[in-house]
Amino acid sequence: MQSTATQESVQASGLRQFTHRLLLDEKDPAKFRGALKDYFLSTYDRYESLFQTLGCREAWYEHAIPLRHPLIFYFGHTATFFINKLILARLVENRLNPHLESIFAVGVDEMSWDDLNDAHYDWPEIEEVQAYRDEVRRIVTDIIDHAPLTLPVNWTHPWWGIVMGIEHERIHVETSSVLIRQQRLEYIQPHPDWQPNHSSGAAPENSYVEIPSGAVSLGRSKDDTILYGWDNEFGSHEAEVPAFQASRLLVSNGEYLGFVKAGGYEKKKYWDEEGAEWLDYSKVSHPEFWVEDGQDWGLRLLTGVVDMPWNWPVEVNAHEARAFCRWKSAQTGQPIRLPSEDEWRRMLEASGYQYGDDANLYLDHGASSTPVDTFPHGAFCSIVGNVWQWTETPIYPYNNFEIHPYYDDFTTPTYDDRHAIMKGGSWISGGNEAEPDSRYAFRRHFFQHCGFRYIVSSHTPPPPSHYETDRLLSEYAELHYGANYFGVENFSHAIVERAMKALGNEGARARALDIGCASGRATFELARYFDFVTGLDFSARFIRHGVTLAQGEPLRYLRAMEGELTELHEMTLKELGLDGLGAKVEFFQADACNLKPQFGDYDFVLAANLVDRLYEPAKFLDSIHERMTLGGVLMIATPGTWMVEHTPREHWLGGFKRDGENITTLDGIREHLSAHFEQVGGVDEQPFVIRETQRKFQHVISQISYWRRVR
């Protein structure tokens, strides 16, 4: 089967090799500068060459799939990312092009079929974006060549932001290649840098490898200065894994054909509820990249269609992989499923794979998969490389997980049980993506050069631990929903009652926003008085409390007693007199300093104990008027406990002297709000008590001020 693309022939471009990885433990600054520059340029050049496969203007501006932005967005996004991170790292002072950077800043996470965004974007011309990329290239190389440098580069080093930008672009080399593969074929042209592998044949028979029981220890230390890592790789996780059998080979197109021929896409018994919903939406009957042509099958590659290579790994989403496992389990009578992340690690260790062993990674073997039995890794083949491998594990934080301040929403929005971990990397993966310790996760309906191998195990892996086990979450749950201590009334209830008393009968009561809602008690309290209330918090782990209660379920958490002793506490909305309000609230993970456009038109905004916990509170105060109606009221409650752990000293609003005069938090708030707000009434105070253990408490007083939007 030949490609339907008819384009002019192309000449080899002489593109530099796609550098495999960057070592951060180099001790010679000159050598490190050279290695980093090569790593940057090989990535930046490779990304731009990928977009040379777009053969016409329509390829840039028409959506390849409705769940993602058009490709012009991604061409500009990675360059904008560099500028954003260099500003945070203080390696540059000013924005390069604020207009383009606002267009290309956010919106790259794949959407679901139930949250499509049909907003119109006035995308810039290709030439304008290319000129912007050229200037970003100049800025980054100039920093690498001339900026002061001390070694090693680690988690806290400003140059971590440069490496972060490179690794981010490597991710988009891969994700953009998937979108190009999904774009209309007549819009795509062949290119010498993106030629596929040509080895193919009949599918080999799969078999099993015995994996004995054993322990796994996952996670990295921030003291590790050898390789870059994303935030979710750091921390610790240990587990005992029972023995199991694992398929020696990745599931091939030929092996998967049995599921297709058996009508697997028509039989709902093989699909869980989420998978069945996706199937109803997509109406598919075979894998995304299979092309049916009469009695024959073809395979869509990056720039063309080839006769089906039955011995290549099948590429499917997690729903399809899980359905195949259920079908195969029914055929064999064995408990077959996808491996967990822990079980995949046991397979990796059993394979003996080490960096440098041959594998289909780094584009070393062409711009496509290769036969599933090409690269032996111990008893397995392609334990890494060729295609990513779906696991059954939703992405979750290791113990002692920390957010990196340069990229605070890289991972936390995915801690929702809907993003499944993929392991092993694909033919296009390079840098961090190709490292066995890397942890990437996508929604289960997503496509990402991803296939799978299956295991036989009667053991059901436990769900990953979530933040709810942390003491901090328990303390906040108790603060919001627990008992009152020392005669101090519940803070969330008290401040909402204060606000309603202060407002009286003034103002609209349609929509309210509780920003920094934490566990969500004030969100429900506001729903007594407003038609609809949105609760936002930076931490997805906190808002799970509110979501649980809104769904009518009890909130259960452990209260610390003394030492390791705890007691279980349970609370429902009904017990608090808040039942029936769940339908009037919604909760989202969000960054108060960078809110997405859909959050707006609020008549009342509550920011309780928030401003002195933001990384740049001025951003919040300078922009919150954009989220409010004229005449709307902003209520700020803050104890003014400024700490460098949360807010860099230069971003404090108060708590310091300026020109010999005391500057308070209220002074700073007034300074930033005066352009759009007028203060209403005086200043109040509201105490609250945080229970740490049975006999240890914090007593805090929050200062309350009210501000009406007048401009």
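Details
- Members of the stretch 658-681 that are touching a helix residue (DSSP H, G or I) at 6+ places or on another chain (Cβ under 8 Å), farther than 15 Å from I624 by Cβ and polar (S, T, N, Q): T665
- Scan the stretch 307-344 for residues that are at positive phi and part of a helix (DSSP H, G or I) and the total you get is 0.
- Residue count for the stretch 284-298 satisfying the condition of being hydrophobic (A, V, I, L, M, F, W, C) and within 12 Å of L185 (Cβ to Cβ): 2.
- Of all residues in the stretch 635-650, those that are in contact with a strand residue (DSSP E or B) (Cβ under 6 Å, 6 or more places away or on another chain) and in a loop (DSSP other than H, G, I, E, B) total 1.
- On the stretch given as the stretch 651-678, residues that are in contact (Cβ under 8 Å) with a residue 12 or more places away in the chain and part of a strand (DSSP E or B) total 2.
- Residue match in the stretch 561-583 (condition: touching a Ser or Thr at 6+ places or on another chain (Cβ under 9 Å), in a strand (DSSP E or B) and modelled with pLDDT of 95 or more): no
- Any chance A246 is part of a loop (DSSP other than H, G, I, E, B), at pLDDT 95 or above and buried (at least 18 other Cβ atoms within 10 Å of the Cβ): no
- Each residue in the stretch 438-455 was checked for being under 11 Å from W388 (Cβ atoms) and part of a strand (DSSP E or B), and 5 of them qualify.
- Set Y61, Y74, Y39: member being in contact with a His (Cβ under 7 Å, 6 or more places away or on another chain) and of a type outside the set (S, T, N, Q): Y74
- With respect to the conditions (1) in a helix (DSSP H, G or I); (2) at pLDDT below 90, Y476 lacks only one, and its number is (2).
- Flag if F604 is out of contact with any Lys or Arg (no Cβ under 7 Å at 6 or more places or on another chain), in the same structural domain as F538 (by TED's automatic domain parsing), under 28 Å from Q703 (Cβ atoms) and without any contact (Cβ under 8 Å) to a residue 60 or more places away in the chain: no
- Looking across the stretch 526-548 at every residue that is under 21 Å from R691 (Cα atoms) and assigned to a helix (DSSP H, G or I), the one that is nearest to the chain's Cα centre (by Cα) is identified as R541.
- Those residues of the stretch 679-698 which are more than 23 Å from E497 (Cβ to Cβ) and without any contact (Cβ under 8 Å) to a residue 60 or more places away in the chain, in sequence order: K696
- Remark: pairs (first residue in the stretch 276-290, farther than 17 Å from R326 by Cβ; second residue of a type in the set (F, W, Y) and assigned to a strand (DSSP E or B); Cβ separation under 8 Å; 6+ apart in sequence or on different chains) = W290/W297.
- Against the conditions (1) at pLDDT below 95; (2) crowded, with 18+ Cβ neighbours inside 10 Å; (3) acidic (D, E), E238 satisfies every one except (2).
- Number of the condition not met by Q598 [criteria: (1) in contact (Cβ under 8 Å) with a residue 40 or more places away in the chain; (2) out of contact with any helix residue (DSSP H, G or I) (no Cβ under 9 Å at 6 or more places or on another chain); (3) not in a helix (DSSP H, G or I)]: (1)
- Total residues in the stretch 343-372, condition in contact (Cβ under 8 Å) with a residue 40 or more places away in the chain, surrounded by fewer than 24 Cβ atoms within 10 Å (Cβ to Cβ) and among the hydroxyl-bearing types (S, T, Y): 3
- Looking only at the stretch 556-595, and only at residues there that are free of Cβ contacts under 8 Å to residues at least 24 places away in the same chain and among the charged types (D, E, K, R), the one that is farthest from R627 (Cα to Cα): E564
- Qualifying residue in the stretch 422-437 (condition: farther than 30 Å from E273 by Cβ, more than 23 Å from the chain's Cα centre (by Cα), among the charged types (D, E, K, R) and not in a loop (DSSP other than H, G, I, E, B)): no
- Selection count, the stretch 186-208, where residues are in a helix (DSSP H, G or I) and either touching a Gly at 6+ places or on another chain (Cβ under 7 Å) or closer than 20 Å to V387 by Cβ (or both): 2
The values are calculated or read from the model by the stated rules, or taken from the named source; none is laboratory data. What you see is a predicted model, and the numbers here were worked out from it, not measured in a lab. So basically every Cβ, Gly included, is an ideal-geometry build from the backbone, and we count neighbours across all protein chains shown.
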